[in-house]
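Peer 1: Following this message is one structure expressed as structure tokens.
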Amino acid sequence: KVLFNNIVYAETPTSIIAAIQNKGFDGETVSVSLLENNQKIEEQTIVLSQSGIQNVSFNYTPKTSGEKKLSVSITNLSTEFTYANNKKIFYVNVLSNKIKVIVLAGSPSTDLSFIKNALKSDENLTVNSLTQISSDKFVEEINYSLVDSADLLFLVGFPGENTPDELLNIVKKNISNEKMPYFITFSPQSNIEKIKQLQPELPFSINQALRSYREVQPEILLTEKNNPLLKHEQLDLISNWNNLPPVLQPSINFTSKPGSIILSTIKLNNNAINIPLIVTRNFNGKRSVAVLAGDIWKWKLQTARKNLNLFDSFLLNCTKWLNSTEERDRISVKTSKRNYSIGEKIEFSASVSDESLNPVDEADIKVKIASGQNSYEVDMLNAGMGLYEGSLLLNETGDFVFEAEIMHDGMPLGKEEGTFNVGEIEIELINPVMNYELLKLLADETNGSYYTSANYEGLFNRLTEINKTTSKEKLITSDVTLWSDEWLLVIVILLFSLEWFLRKRIGML
């Protein structure tokens, strides 16, 4: 038995406690090892206790995030009945201890500096940036791979006039295909035409654009007064937001898309206008926050004089919300268990729902399974109500990785990945000790009898008694095929002839 946390964090120590059981091996010296993907992490030498059970504690510090296959193994003793129960396999999910944020800016700006400083104030964030100076120059060393490896995107005045198509396409791919959450804000250097290339994924629509800007203030909607993104330390939340200094909004007729939530509209010359300023969207697994204005650094300066943390709290609340996962996954594909015996059928189950969490029945789910040497495929069958099932019988042992691709009406709905193991542990031999309680219960429930080596003589008497009272009748069964008997056929013909003769004589024909 192994005690461990199912979810741990990278570069954070955690304890793994293995309970070692022995029967008749007290005083023997064995080595107990903790392994990650069959690589030894730690080893301890212990003397097996007379009590038959003892705990061994390991300190485990995962280096990277992801699912890890761990195992605890004990060295074999020559007099053991089986070695199959000397190893225990289990899996832990290692989360990244820091959220990786990449800030992309179309040009250097005060907004960029204030936003980066706010993000860097949180020790749980790793903040990198790419700030464009000209068409081929950046403040930092050009490294587009930072975008692909990020957890969150912050687009500050991005894309700009000189933003390379290559970088813009990388951003589009990550937002659209990889569903990377993002925060976007405008600036005078923002290029509206290039922003329109992102419009299918934006939480707002750009309907009519003029080359000018207007000074606007926030007007928080009363329905959003408890929205977690707007919260900060002070109690008078709405008043603090509505009294922020004006910011520059492009003279664009912005409208929110279906599924978006407007947190704030604009106030122009103290007149509330139904044009969004702060918009969020959580649709189809994609999260986004948009502040449809620039010069938001002014919010920081004014609130700093009043000892308000409104600006920093807003940005950090956005990172938490953007990085959070759905309460319920719309797509799930998994195996019935993680460890299988040789020759045991691998069973897959899946559930698929749409954006409104309604079951999807017509999905095509193809599961690709791979080992170190071979690959396999399983097409899952529709079981109704958005549920699917499939199975596979494997003739090899080892660790396997599977990837399920879900399609509906020719469009991809998502992918799921997982791992399982075959044959590394013989499940039947994990505990070879006789289960007295189960056998006794089975005998009692079926009106039978239970015997041990101490009272086995009673078994012979019982068998003798059963043999005496057993019926010795012998039942013999034989089949006769009447239609193949020629004499029966002659008799039938004669009877029909006699009937015909009698009917003819009495005038019935």
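The values are calculated or read from the model by the stated rules, or taken from the named source; none is laboratory data. Since the structure is predicted, the reported quantities are computational estimates derived from the model, not experimental observations. Cβ coordinates were reconstructed from backbone atoms using ideal geometry, including for glycine residues, and neighbour counts include every protein chain displayed.
For (1) over 14 Å from residue 421 (Cβ atoms); (2) surrounded by fewer than 15 Cβ atoms within 10 Å (Cβ to Cβ), each residue gets a yes or a no:
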site	(1), (2)
342	no, yes
361	yes, yes
365	yes, no
370	no, yes
376	yes, no
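Peer 1: Out of all the residues in the stretch 72-83, is one or more of a type outside the set (Phe, Trp, Tyr) and touching a helix residue (DSSP H, G or I) at 6+ places or on another chain (Cβ under 6 Å)?
Peer 2: The answer is yes, given that some residue of the stretch 72-83 is of a type outside the set (Phe, Trp, Tyr) and touching a helix residue (DSSP H, G or I) at 6+ places or on another chain (Cβ under 6 Å).
Peer 1: When you scan the stretch 11-50, how many residues do you find that are in a strand (DSSP E or B) and either without any contact (Cβ under 8 Å) to a residue 12 or more places away in the chain or not assigned by TED's automatic domain parsing to the domain that holds residue 78 (or both)?
Peer 2: The number of residues fulfilling the criteria is 2.
Peer 1: Okay, moving on. If only one of 10, 105, 19 is within 26 Å of residue 324 (Cα to Cα), of a type in the set (A, V, I, L, M, F, W, C) and at pLDDT 85 or above, which one is it?
Peer 2: It is 105.
Peer 1: Confirm whether residue 56 is over 17 Å from residue 18 (Cβ atoms) and not in a loop (DSSP other than H, G, I, E, B).
Peer 2: So residue 56 does not fit the description; no.
One line per residue, one yes/no per condition, for (1) touching a residue at least 40 places away in the same chain (Cβ under 8 Å); (2) farther than 30 Å from residue 70 by Cα; (3) not hydrophobic (A, V, I, L, M, F, W, C):
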position	(1), (2), (3)
92	yes, no, no
95	yes, no, no
99	yes, no, no
102	yes, yes, no
113	yes, yes, yes
122	yes, yes, yes
127	no, yes, no
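Peer 1: Name the strands (runs of 3 or more DSSP E) wholly inside the stretch 165-271 in which the number of residues that are of a type in the set (S, T, N, Q), modelled with pLDDT of 90 or more and within 34 Å of the chain's Cα centre (by Cα) is 2 or more. Give the derivation first.
Peer 2: On the way: elements: 182-185, 204-220, 247-256, 260-268.
Fully inside the stretch 165-271 and qualifying: 247-256, 260-268.
Peer 1: Which numbered condition trips up residue 302, out of (1) surrounded by 17 or more Cβ atoms within 10 Å (Cβ to Cβ); (2) touching a Leu at 6+ places or on another chain (Cβ under 7 Å)?
Peer 2: Status for residue 302: all satisfied but (1).
Peer 1: Taking residue 310 as meeting all but one of (1) surrounded by fewer than 20 Cβ atoms within 10 Å (Cβ to Cβ); (2) touching a His at 6+ places or on another chain (Cβ under 8 Å), write down the number of the exception.
Peer 2: The failed condition is (1).
Peer 1: Can you pull out the residues in the stretch 335-350 that are of a type outside the set (Phe, Trp, Tyr) and either within 16 Å of residue 69 (Cα to Cα) or assigned by TED's automatic domain parsing to the domain that holds residue 89 (or both)?
Peer 2: Once the filter is applied, which keeps residues that are of a type outside the set (Phe, Trp, Tyr) and either within 16 Å of residue 69 (Cα to Cα) or assigned by TED's automatic domain parsing to the domain that holds residue 89 (or both), the stretch 335-350 yields 335, 337, 338, 339.
Peer 1: Enumerate the pairs (first residue in the stretch 403-421 and surrounded by 18 or more Cβ atoms within 10 Å (Cβ to Cβ); second residue anywhere and assigned to a strand (DSSP E or B) and among the acidic types (Asp, Glu)) with beta-carbon separation below 7 Å, excluding pairs fewer than 6 apart on the same chain, so at least 6 apart or on different chains.
Peer 2: Qualifying pairs under 7 Å: 404/416; 421/399.
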